[in-house]
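A.B. asks: To start, I am sharing the structure in question, which I have written as structure tokens.
The values are calculated or read from the model by the stated rules, or taken from the named source; none is laboratory data. Predicted model only: the values in this text are computed from it and were never measured. Here the Cβ positions follow ideal geometry from the backbone for every residue, glycine too, while neighbour counts run over all protein chains shown. Just so you know, the surface numbers come from the protein's heavy atoms only, side chains and all, with ligands and any DNA or RNA stripped out. Shrake-Rupley method; radii C 1.70, N 1.55, O 1.52, S 1.80 Å.
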2 protein chains.
Amino acid sequence: MIEMDQRVVDQQCPIRDVLDRIGDQWSLLVLAALQGGTKRFNELMREIGDISKQMLSQTLKRLEQDGFVLRTLFPEVPPRVEYALTDLGRSFLEPMGGLVRWADTHHQSIVAARRQYAGRITEATA
Amino acid sequence: MIEMDQRVVDQQCPIRDVLDRIGDQWSLLVLAALQGGTKRFNELMREIGDISKQMLSQTLKRLEQDGFVLRTLFPEVPPRVEYALTDLGRSFLEPMGGLVRWADTHHQSIVAARRQYAGRITEATA
DNA sequence: CTGACATGGTCTAGGTATTGGACCTATGCG
DNA sequence: CGCATAGGTCCAATACCTAGACCATGTCAG
């Protein structure tokens, strides 16, 4: 069995703490976007597409706070702000890569499961 | 570089689709709880602790829909329902284990980053 | 016989989070 | 002057989530 035990479910555990942070709607996406290199705020907005300014701002703030991302403000006008992954952030790309590879490999099974489920529902209500 | 490219950020891509599903507040936790074996509804409630019935119900329904979890209803009174991981669900434990290991290893760095950030803020506003 | 209890949910009311859009700063450009 | 630009913040409206009441039905205590 994989090294993942009861602690995951314990509300006080470090793993839960980390999972709660990255397990939100946007953090993984922002990290994925930054994986391509340093990016500016609006660049991230465009790239992710359907994230609101406020959420992007908040997500970046939390990622910065937790040490995944480095924020650099160039005091020009209009201001320029660059976001880049820290070493910690880059190290996170590895387990995240595993997740992404899994998603890529098993996506078909998931789509199939959804179709089958929809089928079952239709049957049941018919 | 890890095999994770621009597609991650594309809203139509399979990876994004999967990430959106597991990237909610509870899915990972439920999967972690089920990793220990078949569980009943209230057992999951107790184990996770701070999840509401509605969210647990909804999360389980989605996980079932996507083929991660198998739901078995025993038509007794009071009804008994058991939730177990499918093969797909079990296969997901592997990349998830990577994530958990990373969290465990780097938690200290994150806590340190938070402390440092708090320090900086205090400085800036002082 | 009456009534409480148990399970696995669903429904509703109220609170919290998220969204889209207006607005702000300050300068350069026509 | 007046608009554009970059990176946000603020607010109102909306979506989401929570706690708790409620449902069905059979079993067991009294």
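A.B. asks: Give me Rg over Rh for the protein assembly as shown, both radii from the alpha carbons and Rh done the Kirkwood way, two decimal places.
C.D. replies: Taking Rg over the Kirkwood Rh, I get 1.01.
A.B. asks: Name the residue from B:L29, B:G89, B:L99 whose Cα lies farthest towards the positive end of the charge dipole of chain B, charges +1 on Cβ of Lys and Arg and -1 on Cβ of Asp and Glu.
C.D. replies: The residue sitting most towards the positive pole is B:L29.
A.B. asks: Compute the distance from the alpha-carbon center of segment B:49-126 to that of segment A:58-126, in whole Å.
C.D. replies: 15
A.B. asks: Report, by chain and number, residues whose modeled amide H sits under 5 Å from the one on A:T86, excluding near sequence neighbours (fewer than 5 apart, same chain).
C.D. replies: Here the answer is A:V69, A:L70, since their amide H atoms fall under 5 Å of that of A:T86.
A.B. asks: Further question: In what sequence, highest mean first, do A:86-93, B:26-33 appear when ranked by Cβ atoms within 10 angstrom?
C.D. replies: B:26-33, A:86-93
A.B. asks: Using Cα springs under 10 Å in a Gaussian network model of chain B, which residue among B:V18, B:V69, B:V111 shows the largest mean-square fluctuation?
C.D. replies: The residue that fluctuates most here is B:V111.
A.B. asks: Whole-Hz ³J(HN,Hα) for each residue in segment B:100-107, computed from phi via Karplus 6.51 cos²θ - 1.76 cosθ + 1.60 with θ = phi - 60°, x for glycine and proline: what do you get?
C.D. replies: 5, 4, 4, 4, 4, 5, 9, 4
A.B. asks: Please give, to one decimal in nm, the separation of the simple spin-label points placed at B:R80 and B:H107, each 7 Å out from Cα toward the Cβ.
C.D. replies: In this crude spin-label approximation the distance works out to 3.5 nm.
A.B. asks: I'd like to check one number: the per residue accessible area of the protein assembly as shown, probe 1.4 Å, reported in Å² as a whole number.
C.D. replies: Dividing the accessible area of the protein assembly as shown by its residue count gives 52 Å².
A.B. asks: Of all the accessible heavy-atom surface of the protein assembly as shown, with the other protein chains kept in place and a 1.4 Å probe, what percent is carbon and sulfur?
C.D. replies: Heavy-atom surface of the protein assembly as shown belonging to carbon and sulfur, 1.4 Å probe: 52 percent.
A.B. asks: Tell me which lysines have Cα within less than 21 Å of B:K53's Cα, excluding those fewer than 8 residues away on the same chain?
C.D. replies: Straight-distance partners of B:K53: B:K39, B:K61.
A.B. asks: Let me ask something additional. Over the whole of A:103-112, what's the average partner chain Cβ count within 10 Å per residue? Rounded to a whole number, please.
C.D. replies: Mean partner-chain Cβ count within 10 Å for A:103-112: 6.
A.B. asks: When only Cα pairs under 8 Å and 6 or more residues apart are kept, what is the percent relative contact order across segment A:6-125?
C.D. replies: Relative contact order of segment A:6-125: 20 percent.
A.B. asks: Moving to a separate point now. Roughly how big is the A-B contact, given as buried accessible area in Å² (both sides, 1.4 Å probe, nearest 100)?
C.D. replies: Roughly 5800 Å².
A.B. asks: Under a 5 Å amide H to amide H cut-off, with H placed in plane at 1.01 Å, what residues pair with B:R40 once short-range neighbours are removed?
C.D. replies: B:Y83
A.B. asks: In A, who owns the beta-carbon nearest the axis carrying A over to B, and how many Å from it?
C.D. replies: That would be A:G98, 2.
A.B. asks: Go ahead and set up a Gaussian network model of chain B, Cα springs under 10 Å, then flag whichever of B:R115, B:R16, B:R62 fluctuates most.
C.D. replies: Looking only at B:R115, B:R16, B:R62, the largest GNM fluctuation is found for B:R115.
A.B. asks: Follow-up question, since we're still on this one. Hey, in the GNM for chain B with a 10 angstrom Cα cutoff, which one of B:D104, B:D24, B:D66 fluctuates hardest?
C.D. replies: Of B:D104, B:D24, B:D66, the Gaussian network model singles out B:D104 as fluctuating most.
A.B. asks: In whole Hz and in residue order, list the ³J(HN,Hα) couplings for segment A:31-37 that follow from phi through the Karplus curve 6.51 cos²θ - 1.76 cosθ + 1.60, θ = phi - 60°; x for Gly and Pro.
C.D. replies: 4, 4, 5, 6, 4, x, x
A.B. asks: What's the Kirkwood radius of segment B:6-125 in Å, using all Cα pairs?
C.D. replies: 16.7
A.B. asks: Follow-up. Can you give me the pair-distance distribution of segment B:17-70, C-alpha pairs, 5 Å bins, whole percents?
C.D. replies: Result returned by the calculation: 4, 20, 37, 26, 10, 2.
A.B. asks: At what distance in nm do the modelled label points of A:T38 and A:D87 sit from each other, each positioned 7 Å from its Cα along Cα→Cβ?
C.D. replies: Taking the two extended label points, one gets 1.9 nm.
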